[in-house]
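A short worksheet on the structure shown next.
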Amino acid sequence: MKNIFNSSLILILMAAVGFAQTSYPMLMTLEPIAIQVGTSSEMVVKSRSSMWGANKVMVSGNGIIGKVMHPDLPEPKEGEEATEPSLTSLTIKFTASPDAQPGVRDFKVFTDRGVSTVGQIVITRDIVVWDDVKTDTMEGAKEFQVPATLTGVFEKAEDLDYFKFTAEAGQRLVVHCRCMRLQDRIHDLQTHADPIVTLKNHLGSTVAACDNYFAADPYFVVEIPQTGEYFLEVRDVRYKNNAYWNYAIEVIDRPFPTNVYPLAISADQPVEFELIGESLNDGTKASFDSFPLVLKPGRQWLSLNAADGALYDPVPVYVSKEQVIHEAGDDNDDVEHAQRIQVPSVVNGRMNKEADIDYYSFEARKGDTLTFEVIARRSQSMLDSFISIENAEGTRLYSADDYTFGRRSNWDSRYDNFTVPADGVYHVSIYDRHLRGGPEYLYAIEISRSAPTFELTLDTDKTLTTPATSGVLFVRVKRFNGFAGDIQLHVDNLPAGVQATAGKILASGQDGCIIFTANGDAPFDAQHVRIYGSAVLEGEEGQPSELLVDAQPYQETYMPGGGRNHYPVDVFTLSIQKPSDIRKVKVSTNEINLKPGEEVRIDVELERAEGFDANVSLDVIYQHLGQIWGNSLPKGVKMDGNKSKILLTSGELKGHVTLVADDTLEKAERQQFCIMANVSLNFVMKATFSSEPLFITTTAKEQASE
């Protein structure tokens, strides 16, 4: 099962019925939202829709486990039948191993109604203090000792949370708040908090304050002016509230690196980092050697060893397969002083001063194709990059600003497939869009040989099935550097009792689908699953090579006004839940053949659960408010709504879908698609029950006329 909404049916569905009778849990928050490494803690997760039957907690990464603490329920009175409660608050006992890496993890809860949406949990090195006092005054402040992680909620309008501690003159404290960033992946949290943290002395005078640093989240370093009692005031800067606006604030008296230089490193080479952050002394170093492990390419977080043997808080790095080069000095501010580099390579540098601009020169031959990508803001740099590609005379040939990575836009820059016009010397320059500079404005520019490749994104982070039913997952491609071939989809690590029929993404299309079918006796379970795609490329001297690309899962998010958006998450999860509203989606045929001008009718019959008579809409594509999110049909094939019966009301069981082919029809051989039965969960999300795989073979107009 999955989620999508047909915009043409919105008014009909909302007027005719409420939403579905059953829904998988949509997690909203965790209280407290943080746990200390090496401890166990009973924490309360809250959700929209019931978590009854919860029996498994799935946490991304290593070192964290969760156990559901089943509630004690009263026995039914004599003569009354036991009823299933609506369990929207559930206690989970989380345990963090001593070597669990601090940071933020995704977690999901598996229940009788399937796997939940994503929740967030913060792993911290320090004791967790929960604001259970619920006071708006300094007199009632919750007391703590440094270091600690303070947690609470903006539960009411104009809420003020106060925490009290004692500090000594000259003591340097780091205050790091996570709040807004914890809400990006929460499906139904349409508005985010905008926290502000203020340090006050015992008289109530402000010593330090911060509103925005990491996006809307505060971070500041302060030196205590005199020994005594101090207070941290936490609130939303607009004095707004939401019962799900949780925060976790680290208050520590140890160095806290916000970044490291170099930002990019080799996959298998030791490196010495310069630690960056206001709480660190200039020139603070930390070394890292991955041996005997070899780091995987891409962005990741590392915990580095401090001089006293302790671990610093994790910092972001970028692991590259290309040669690593460092900016040699601060005099490369124009074409004449450009630093000469080799290509391909990845160059580490930074904007050392305001209005700084860095130039790099390289030799290239006519016809070479190059890709330029900046890694900065995605790895917690303050840089808002802008890059230019120039010829030897300094004439700009191309430039790049913000770029959309996956389904999210970002301030990092990228330019694909730059074709060198003539042999010679070329330059790439980089600067901050707002002409800012300083130690935290660091970057890496990866310059690589452009090669045909692709990127895959999943329309969801989960697919739900029930015994003897099917669920569908749509996969979307973004192509680079002239790649134009078919992509075969694959699945690894399936739960017991589930089969996957993996389709392909056609060369002329952008979507493919995977149909998961659970056996009638499949055990109820949930498991993280790997989704990836493969394509055959023409290699050197005509020898074919295979390209494998992992797909990035996304959590659907509910946007204000009813829009649908996505945010990247750590893992994709497949679950087999107890039987639900729809028990079967039967179709009259699994094989379809079409030529231009032809049409075919596919009869559909539902098997509903007893008592389930809500509206069900049929579809062959994913769409919401007119935007298509998944369509694996060949080009030139559409559903004719006037010749189809796709709205089944008041318990109706039978409908039909009519597919038509126009003159733009392209040839396809057994391209996979399915018919979906959608039941609304909220204005954006729906439970989607899929037919078994359908296959369509098409004949192009030229072939049909032969």
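The values are calculated or read from the model by the stated rules, or taken from the named source; none is laboratory data. Quantities reported herein were computed from a predicted structural model and do not represent experimental measurements. Here the Cβ positions follow ideal geometry from the backbone for every residue, glycine too, while neighbour counts run over all protein chains shown.
I'd like the residue in segment 581-635 that is touching a helix residue (DSSP H, G or I) at 6+ places or on another chain (Cβ under 8 Å) and assigned to a loop (DSSP other than H, G, I, E, B) and, out of all such residues, is farthest from Thr469 (Cα to Cα). So, considering only residues that are touching a helix residue (DSSP H, G or I) at 6+ places or on another chain (Cβ under 8 Å) and assigned to a loop (DSSP other than H, G, I, E, B), the one farthest from Thr469 (Cα to Cα) is Pro596.
Of the residues making up segment 368-378, at least one is within 24 Å of Ala551 (Cα to Cα), of a type in the set (Phe, Trp, Tyr) and within 31 Å of the chain's Cα centre (by Cα). Give the residues of segment 280-297 that are at pLDDT below 85 and surrounded by 13 or more Cβ atoms within 10 Å (Cβ to Cβ), sorted by residue number. Answer for segment 280-297, where residues must be at pLDDT below 85 and surrounded by 13 or more Cβ atoms within 10 Å (Cβ to Cβ): Ser290, Leu295. Scanning segment 636-646 for residues that are crowded, with 22+ Cβ neighbours inside 10 Å and in a strand (DSSP E or B) yields a count of 1. For segment 272-282, the criterion of a residue being outside the structural domain of Ala215 (by TED's automatic domain parsing), within 29 Å of the chain's Cα centre (by Cα) and within 24 Å of Ser60 (Cα to Cα) is satisfied by no position. If we scan segment 116-136, do we find a residue that is surrounded by fewer than 23 Cβ atoms within 10 Å (Cβ to Cβ), touching a helix residue (DSSP H, G or I) at 6+ places or on another chain (Cβ under 7 Å) and not in a strand (DSSP E or B)? Yes, that holds for at least one residue. In this structure, does Met43 turn out to be closer than 17 Å to Glu31 by Cβ and in a loop (DSSP other than H, G, I, E, B)? No: the conditions fail for Met43. Phe454 satisfies every condition listed in (1) touching a strand residue (DSSP E or B) at 6+ places or on another chain (Cβ under 6 Å); (2) within 19 Å of Cys674 (Cβ to Cβ) except (2). Just one of the listed residues (Asp112, Asp161) is touching a Gly at 6+ places or on another chain (Cβ under 6 Å), among the charged types (D, E, K, R) and either under 27 Å from Lys67 (Cα atoms) or surrounded by fewer than 24 Cβ atoms within 10 Å (Cβ to Cβ) (or both), namely Asp112.
When segment 361-402 is limited to residues that are small (Gly, Ala, Ser) and on the phi > 0 side of the Ramachandran plot, the one that is surrounded by the most Cβ atoms within 10 Å (Cβ to Cβ) turns out to be Gly394. Name the residue that is nearest to the chain's Cα centre (by Cα), counting only residues in segment 541-566 that are free of Cβ contacts under 8 Å to residues at least 24 places away in the same chain and part of a loop (DSSP other than H, G, I, E, B). Filtering first and then ranking leaves Gly561.
Which of the following residues is of a type in the set (A, V, I, L, M), closer than 20 Å to Glu373 by Cβ and assigned to a loop (DSSP other than H, G, I, E, B): Leu280, Leu295?
Criteria check complete, one pass: Leu295.
Quick check on Val475: is it of a type outside the set (Asp, Glu) and more than 30 Å from Lys578 (Cα to Cα)? When the stated conditions are applied, Val475 does not pass them. Restricting segment 490-528 to residues that are of a type in the set (D, E, K, R) and surrounded by fewer than 19 Cβ atoms within 10 Å (Cβ to Cβ), the residue that is farthest from Val57 (Cα to Cα) is Asp521. Within segment 285-314, the residues that satisfy the criterion of being in contact (Cβ under 8 Å) with a residue 60 or more places away in the chain and closer than 21 Å to Arg377 by Cβ are Arg299, Trp301, Asp313, Pro314.
Among the residues that make up segment 92-103, is at least one of them closer than 17 Å to Val251 by Cα and surrounded by fewer than 20 Cβ atoms within 10 Å (Cβ to Cβ)?
Scanning segment 92-103 turns up at least one residue that is closer than 17 Å to Val251 by Cα and surrounded by fewer than 20 Cβ atoms within 10 Å (Cβ to Cβ).
Within segment 649-660, is even one residue of a type in the set (Ser, Thr, Tyr), under 30 Å from Lys578 (Cβ atoms) and surrounded by fewer than 17 Cβ atoms within 10 Å (Cβ to Cβ)? Scanning segment 649-660, I find at least one residue that is of a type in the set (Ser, Thr, Tyr), under 30 Å from Lys578 (Cβ atoms) and surrounded by fewer than 17 Cβ atoms within 10 Å (Cβ to Cβ), so the answer is yes. The number of residues in segment 259-277 that are assigned to a loop (DSSP other than H, G, I, E, B), touching an Asp or Glu at 6+ places or on another chain (Cβ under 9 Å) and at pLDDT below 95 comes to 3. Val569 meets all of the listed conditions (1) crowded, with 21+ Cβ neighbours inside 10 Å; (2) more than 30 Å from Ala507 (Cβ to Cβ); (3) within 29 Å of the chain's Cα centre (by Cα); (4) not acidic (Asp, Glu) but one, namely (2).
For segment 332-359, filtered to residues that are among the polar types (S, T, N, Q) and not in a strand (DSSP E or B), the residue that is surrounded by the fewest Cβ atoms within 10 Å (Cβ to Cβ) is Gln342. Of everything listed in (1) surrounded by 19 or more Cβ atoms within 10 Å (Cβ to Cβ); (2) modelled with pLDDT of 95 or more; (3) at positive phi, the single unmet condition for Gly170 is (1). Flag set for Ala677, criterion: buried (at least 23 other Cβ atoms within 10 Å of the Cβ), assigned by TED's automatic domain parsing to the domain that holds Lys504, closer than 29 Å to Ile576 by Cβ and not aromatic (Phe, Trp, Tyr). Cβ separations smaller than 8 Å between residues 6+ apart or across chains give the following pairs from segment 492-518 residues that are closer than 10 Å to Val475 by Cβ to residues that are surrounded by 21 or more Cβ atoms within 10 Å (Cβ to Cβ) and acidic (Asp, Glu): Ile505/Asp511.
The residue that is nearest to Val600 (Cα to Cα), counting only those in segment 668-706 that are over 35 Å from the mean Cα position of the chain (by Cα) and in a loop (DSSP other than H, G, I, E, B), is Thr699.
So if I check each of Thr658, Thr573, which one is among the polar types (S, T, N, Q) and closer than 30 Å to Gln527 by Cβ?
Numbers: Thr658 fails: closer than 30 Å to Gln527 by Cβ.
Unique residue meeting the criteria: Thr573.
Elements of the type strands (runs of 3 or more DSSP E) sitting completely within segment 415-524 and holding at least 2 residues that are in contact with an Asp or Glu (Cβ under 8 Å, 6 or more places away or on another chain) and closer than 30 Å to Arg377 by Cβ: these cover 424-432, 442-449, 470-480.
Residues of segment 298-331 that are modelled with pLDDT of 85 or more, within 23 Å of Thr149 (Cα to Cα) and not in a strand (DSSP E or B): Ser303, Leu304, Tyr312, Asp313, Pro314. Among the residues of segment 491-522, the ones that are of a type outside the set (Val, Ile, Thr) and out of contact with any Gly (no Cβ under 7 Å at 6 or more places or on another chain) come to 14 in all. Against the test of being surrounded by 21 or more Cβ atoms within 10 Å (Cβ to Cβ) and within 29 Å of the chain's Cα centre (by Cα), the options Asn212, Asn241, Asn246 yield a single qualifying residue, Asn246. Residues in segment 421-447 that are crowded, with 17+ Cβ neighbours inside 10 Å and either more than 19 Å from Gln323 (Cβ to Cβ) or among the hydroxyl-bearing types (Ser, Thr, Tyr) (or both): Tyr426, Ser429, Tyr431, Asp432, Arg436, Gly437, Pro439, Glu440, Tyr441, Tyr443.
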